[in-house]
1. Just need log10 I(q)/I(0) for the stretch 9-74 at q = 0.11, 0.20, 0.21 Å⁻¹, Debye formula, equal scatterers on the alpha-carbon atoms, no solvent, rounded to two decimals.
2. In whole Hz and in residue order, list the ³J(HN,Hα) couplings for the stretch 38-47 that follow from phi through the Karplus curve 6.51 cos²θ - 1.76 cosθ + 1.60, θ = phi - 60°; x for Gly and Pro.
3. In nm, to one decimal, how far is the modelled label at residue 34 from the one at residue 22, with both set 7 Å along Cα→Cβ?
Amino acid sequence: GACNGEGRGPAFVGTIDDDWSELSPDARNAAATKLVEALRAEGVREIMVYDTDRRLRIQALGEQSIRILSAPGP
């Protein structure tokens, strides 16, 4: 993912790989929380992470709680 052309800024857009859907809900929550905490510590306030099919999977806007969206079932 990236914040802007210089690697910093108030927004972050990233992509997770296909292994994300194989993680347990607890593991997804832990990974998303760790990522969001690290980015917020660097001053990032708008976080959006998509899967390889361009579906939103992690969203953290401003001080709102982290939203973790599950992949659709088979």
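All of the numbers you see were taken from the coordinates with simple rules; none came from a lab. What you are looking at is a predicted structure, and each value in this text was computed from that prediction instead of being measured. Reconstructed Cβ throughout: ideal geometry from the backbone, glycine too, with neighbour counts over all protein chains shown.
1. -0.23, -0.75, -0.82
2. My calculation for the stretch 38-47 gives 5, 5, 5, 4, 8, x, 6, 10, 10, 10 Hz in order.
3. My value for the distance between the label points is 1.7 nm.
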